[in-house]
Structures are given as structure tokens and as C-alpha cells.
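What follows is a single structure, written as C-alpha cells, with notes after it.
The values are calculated or read from the model by the stated rules, or taken from the named source; none is laboratory data. Quick caveat, the model's predicted, so the values are computed rather than measured. Quick reminder, even Gly has a Cβ in these numbers, built from the backbone with ideal geometry, and neighbours come from all protein chains shown. We work out accessible area using only protein heavy atoms, side chains counted, and drop any ligands, DNA or RNA first. Shrake-Rupley method; radii C 1.70, N 1.55, O 1.52, S 1.80 Å.
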Amino acid sequence: MDDLTMRTFGVASDSVGWWESVMLGFLAPSPQQVGLEWGLRESFADGWLHRGVYDANLPPHAVGGDHPVGTFVSFDKTINVGGATIPIHLITDVTVRPTHRRRGILRHMMVDDLTAAHADGHALAALTVTEATIYGRFGFGPATFVQSVQVDSTTRFALRTPTKGRVEFTTQATMAQVAPAIFARHLAITPGAVGRGSLYAEQAAGIFDPRASERDRAVRNALHFDENAEPDGFVSYDVRTEDGQRILTIRDLVAVGTDAYLALWDFLGSIDRVTRIDWQRAPTEDPLLWALVDQRCYSVTGITDHLWIRVLDPVAALSARTYGCPDTELVLAVTDDLGLADGTYRIAITGGRAEVTRTDDEPEVAMGVEELGSLFLGGVAARQFHVVGRLQTDDLGAARLGQVFGGVRRPYCNTFF
């Protein structure tokens, strides 16, 4: 880092150079003016903090100046941790120019950001990742998962019982206005759900495609209305032709409860001339599978990690969530190379809530902060870590740990950032 300088600022001083570096890092086309304006609007709306690393010693004809060789954005939203919604520190737009790798740029930006977030009192940080081998070294662990599904929507598609409410088409503009309130209700009842960016609804509805820097006219939108004619679910989708068949791809689907969820699926399955529905962000615990008359209409084509959690303050984080286990106590040791979450903690659970304190007692279970991030929301079984040697405990300790962190509902996040 001797030849490099890191700058921190609220809004990119040169948006062209900043966004050019971001798009280069994500293998996307150079941004157009409308895309730059969109990015500035988004960063203002969500209070983005930018960290950029700049190289002042590049050759004369190399891209330099206000084009950073490393980019990093963080901002604050909320997360449902099961029984409570708390602030969370989110990280996005992390890139390092391929010509500048292995020089400590990412580590410098990440450590600086996580240290500041910890000092500001954040219990958790999170990100979604493009590469799964990078962020464990900084204490992040995969905590929620989604599955890619294909659903046969020919005459085989049918639900076991009639759905409630009604589904109607809506415009892209209306969807962008209505969707945030529906998502807020979804967030309030869904463990693992994370608050969305201020412009997320506009992008999902098709009003703007950042990669193409224009409206996406292929996106169609529909709303579910409950029995009181209040919108409580939505879906955005497009349709493409593949080998002579029409495939409907879900861009975004959010529902406040199972009634709206199944009604939206019933609507999608009734669209004429579509033979298959694809969705890459379906919950791994999907009620649709058990609502279908013919379960073989439903195929899982893949499962992948989605939200990665980094515990910054174990006392605050573990005290915030609820627990489905009987009243108990567990002493847990956490190791953290960055020193932010390092320590031994007593978790005393009574009536589903925990009092968490630091202790000098001998721990029953020891683990890294990466493992704690994965276990925190209850989406990963403790026994999985135990059998591969990622916990320091015996079989009984692993079983007790699994009982403590096991959730009554699997966490689900379908938001990218």
C-alpha cells in the first residue's frame, strides 16, 4: 500500500471515474450519463459511504486519476434476526482492479470499514458475494440460502386448494410506488430479510436497468390484493423464448404471508402459452412444493448461499434475537482475527430471550467468528460444522449448540445489494 492512497467520502467526487471502476470490476459496460445520475441518486438516498484506493504512480497512458483501483461502499439498513428488527451495516460494490491484486487493497478497505462499524455500535455487518472464497477470511459466514427452481406451468400445474384474494396487473410506475410498503411488512415477519435500497423497487419493476442504462420494457408486474383489497404481495417477471418454448422468469416475488405467496404462484401458473417458470431466489423451505397437486412439477436445479453475516458485537447480536429452545445456559468462546468479536460469552436463555455477558468461565463450545455468522440466524445446523471439525467441542456440546441456535423458521433473504 506504499504507493496507494485510500480516500473516504460520502459522494463520489468524480462519479464518472468511480462508476467506471465499479462497472469494470463487475464486467459490466461503461456507464452512460443516465446510469451515473441513477448511481448518484441511489448513493444520496441511502447515505452511502465510499472508500476508494487510488494509485498516483501509474504510467502516463494508464487509466488513473479519479479512477480508483479499489472500490468499497457501505451503508446502513435493518435486518430481521428472528423476533426483532435491528440495524445492520451493509457492504457492496467491492472491487479491486485485476492489475492491483495481492497488494492488500481489499484487506485495507475491509478492516477500516468493519472497525469503524464496530466503533459506531453496529452488532452485525453483511454482504452478498460474487465469489465464495473471499470473505470468510474477514469473518463473514454464509447465513441464508436460496434455491433455483423450475416449475412446469402446463396443464400439470394445479394447487390443492383455492387461493384467497385476487391478483391484478399493474404498471411499472405503480409497482415502484407500492412495493416498498409491501416489502416492509414482509421484512417485519421474515427472519433473515434485509431492508432494501431506496431505488430497489424501481429497478425490480423495470423502470431502470443499471447495466443497460435504460428502462427494461420486458418486465411485467402484478399485485396481490387481500380480501380487503389491500396489496400484500407482488411479482415482477419477464418471458423469453427458448427452443420454441416460452419460459417465464421471476425477477422479484415478495409476499406478506402464505395466502399471497400461493395466489401469486397460482396467477403465474395460469398465464397462457408459458410452459415453465424459473426462479433463482426461491426459499429453501418453499410452501409451494407442498401446495401442488403434482409435486413433480417442481424441480430444484441448484442451491446457493445468499446473505453472509459478520458478527461485530456478540453481546448485542445474541441478545437481539429470539430462541426456540427451553431455558438453558451455554458458554461460548469466539475467536476473531480482527479482535472485534473475540471473547468468551455466557448465553442465558429464559422465555426465548437471552442475557449475554462476557465471562472468564471455561467454554463448552469454541468457534471462529465466521462460524458464528453462519449459525446466528439459525439457517445452518451446528452439527454440520462439528462433523467437519469447525467447532471445538464434544458431541453433547454440538447438540446443545444446535438446540440453542436452531430456529423455528429457516431464514430467508431475497434481496441483493
> What residues have an amide H closer than 5 Å to that of THR170, excluding those fewer than 5 places away on the same chain, when H is modeled at 1.01 Å from N in the peptide plane?
Replying inline: ASN221, ALA222, LEU223
> Quick one: length gained pulling THR304 to ALA28 fully straight, 0.36 nm per residue minus the C-alpha distance?
Replying inline: 97.1 nm
> For region 82-193, what is the convex hull (Cα atoms) projected area averaged across all directions, in square nanometres?
Replying inline: 12.3 nm²
>> On the principal axes of its Cα set, how long, how wide and how thick is region 338-382? Give whole Å, largest value first.
In response: 27, 27, 18
> Once the chain is represented by equal point scatterers at the alpha-carbon sites, with solvent omitted, what log10 I(q)/I(0) does the Debye formula produce at q = 0.10, 0.12, 0.14 Å⁻¹?
Replying inline: -0.77, -1.06, -1.31
>> Would you work out the Kirkwood radius for region 145-273? I mean one over the mean of 1/r across all pairs of different Cα atoms, in Å.
In response: 15.5 Å
>> Given R₀ = 22 Å, what would the calculated FRET efficiency be for ARG107 paired with ASP342, taking r from the Cβ atoms and rounding to 0.05?
In response: 0.75
> In whole angstrom, how far apart do the alpha carbon centroids of region 156-210 and region 1-59 sit?
Replying inline: 30 Å
> Beyond 16 Å, what share of the Cα-Cα pairs of region 258-304 remains, rounded to the nearest whole percent?
Replying inline: 40 percent
> Can you list, largest first and rounded to whole Å, the semi-axes you get for region 25-65 by taking the square root of 5 times each eigenvalue of its Cα gyration tensor?
Replying inline: 25, 15, 9
>> Using DSSP H assignments, which helices in the chain have an axial alpha-carbon span of 24 Å or above and a mean Kyte-Doolittle hydropathy of 0.5 or higher?
In response: 172-189
> What number, rounded to the nearest 500 deg cm²/dmol, is the helix-based mean residue ellipticity at 222 nm of the chain, given -39500 (n - 2.57) per DSSP H run of at least four residues and division by all its residues?
Replying inline: -8000 deg cm²/dmol
> What is the P(r) of region 210-347, as percent of Cα-Cα pairs per 10 Å bin from 0?
Replying inline: 9, 27, 24, 19, 16, 5, 0
>> What does the extension gain come out to for ALA84 and ARG296, with contour length at 0.36 nm per residue minus their alpha carbon separation?
In response: 72.6 nm
>> With Kirkwood's inverse mean 1/r over C-alpha pairs for Rh, give me the Rg to Rh ratio of region 1-56, two decimals please.
In response: 0.99
>> At R0 = 25 Å, how high is the FRET efficiency between GLU227 and THR155 if r is their beta carbon distance? Nearest 0.05 is fine.
In response: 0.30
>> With a 10 Å cut-off between alpha carbons and a GNM built on the chain, which of ARG102, ARG400, ARG215 moves the most?
In response: ARG102
> If you plug each phi of region 60-76 into the Karplus form 6.51 cos²θ - 1.76 cosθ + 1.60 with θ = phi - 60°, what whole-Hz ³J(HN,Hα) values come out, in order, with x for Gly and Pro?
Replying inline: x, 9, 7, 6, x, x, 8, 9, x, 8, x, 10, 6, 10, 9, 7, 10
>> Need one number: nm distance between label points at GLU131 and GLU355, each 7 Å from Cα along Cα→Cβ, rounded to one decimal.
In response: 4.7 nm
> In region 52-178, carbon and sulfur make up what percent of the accessible area (probe 1.4 Å)?
Replying inline: 52 percent
> At a Förster radius of 25 Å, what calculated FRET efficiency corresponds to the Cβ-Cβ distance of GLN384 and THR284, to the nearest 0.05?
Replying inline: 0.95
> Å³ per residue of the Cα convex hull, for region 1-131?
Replying inline: 122 Å³
> In whole Å, what three semi-axes, largest first, describe the equivalent ellipsoid of region 289-383 built from its Cα gyration tensor (square root of 5 times each eigenvalue)?
Replying inline: 32, 18, 11
>> What's the ranking of 75-87, 380-392 by average number of surrounding C-beta atoms within 10 Å, highest first?
In response: 75-87, 380-392
